[in-house]
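Following: one structure in structure tokens, then a few remarks.
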Amino acid sequence: MSAGLTVNLLDRFERAIERAMEGSVSRVFRQSLQPAEIGRKLEHAMTGNQRVSVGAAIVPNDYVVELHPKDFAQIAGYSQGLARQMESWLAGVAGEQGFTVIDRLRVRFEESDRAAVHAPRVRATITDREPANGHDPARSIGQRTEMFQAAGQGAREVSLRLRVLSGSRSGTEVAIDRDHLTVGRSTENDVVFDTPDVSRRHARIERSKGQLRIVDLSSTNGTRVNGIAISVSELTPGDEITFGGQRAQVIGRERGRERSRFAPPGERS
């Protein structure tokens, strides 16, 4: 990562921390822990643990920030909010560098005697999480695609749709019932976002042989799936897509039912 890009991302990271965590946490960081230092260590852990795959550089998605007990005690009540900001920071790093993650990014804080005061340590791993209760909103792409394919080959008929979540057409649903549909600002697209942050031809959603994927069409402001910048990505129901700054979600329903058969087990009726 270039020095200029790193500084720019770190600046945005620190501003986001300041906006989201006013008061006590901001004072803690000014006096002791520095978010930029944590950000640097997270970025180093990501780039330093790449695994080269076919056409992709896979990086860790699970990060543990170890803090000295004194530091941990200072931020314990705010650790979840801080972790979410740091996950956003890592998503920005991954997007800028074109990295691939196999599951949603996760950052956690842990108390550790191995960390010195004001000197956090970071552990980073590539992991595919499967909680004990079976509810996993962050399955790996491979697992979720397998689930989608198996369901699509069953006897029940499934309706896949794209639900618009932002803009003047929020709530609109478009059937994904053809080989492909396009998304963009031009009225020639199947899904139209009439906002300047969306390119004229922004992205294409493709359906073939029981698989669904999205392709970014060299858009100006990019396409993200569940917060991760992509050029091509597989999709399954429940995935949220961001076109520039506009959001949509893939939903899947058995015909004749109100709820999606693809909903995680903990959400099924």
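A short reminder: the numbers here are calculations on the coordinates, not readings from a lab. It should be emphasised that the depicted structure is a prediction, and the values quoted were computed from it without experimental measurement. Cβ sites come from the backbone with ideal geometry, for glycine too, and all protein chains shown count toward neighbours.
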Requested in this report: Over segment 155-226, consider all pairs of different Cα atoms and compute the Kirkwood hydrodynamic radius from their mean reciprocal separation; express it in Å, one decimal.
Outcome: 12.9 Å
Query raised in the report: Tell me, what HN-Hα J-couplings in whole Hz come from the Karplus equation 6.51 cos²θ - 1.76 cosθ + 1.60 at θ = phi - 60° for each residue of segment 176-192, using x for Gly and Pro?
Result: 9, 10, 9, 4, 7, 9, 10, 10, x, 7, 5, 5, 7, 7, 6, 10, 10
Report task. Could you please report the charge total around residue 219, scoring K, R as +1 and D, E as -1 over all other residues with beta-carbon less than 14 angstrom from its beta-carbon? Result -> +3
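By counting other Cβ atoms within 10 Å of each Cβ, how are 188, 111 ranked from fewest to most?
Details: 188 10, 111 14.
By the 10 Å Cβ count, ascending: 188, 111.
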Query raised in the report: Fully extended, how many nm does the chain gain between residue 117 and residue 165 (0.36 nm per residue separation, minus their Cα-Cα distance)?
Result: 12.9 nm
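Excluding residue 43 itself, calculate the net charge of residues whose Cβ lies under 12 Å from the Cβ of residue 43, where each Lys or Arg counts +1 and each Asp or Glu counts -1. Intermediate values should be presented prior to the final figure.
On the way: positive: 40, 41; negative: 37, 96.
Net charge in that neighbourhood comes out at 0.
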Report summary line: Other residues with Cβ under 15 Å from the Cβ of residue 122 give, with Lys and Arg +1 and Asp and Glu -1, a net charge of -1
Query raised in the report: Can you give the FRET efficiency for residue 217 and residue 64, using 1/(1 + (r/R0)^6), R0 = 30 Å, r = Cβ-Cβ distance, to the nearest 0.05?
Result: 0.20
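On a full-extension model of 0.36 nm per residue, what is the gain between residue 249 and residue 50, subtracting their alpha-carbon distance, rounded to one decimal in nm? Could you put the intermediate results ahead of the total?
On the way: separation 199, 0.36 × 199 = 71.64 nm, distance 2.95 nm.
Stretched out fully, the residue 249 to residue 50 stretch lengthens by 68.7 nm.
Please order 105, 160 by the number of other Cβ within 10 Å, starting at the fewest.
Values: 105 25, 160 21.
Ascending number of Cβ neighbours within 10 Å: 160, 105.
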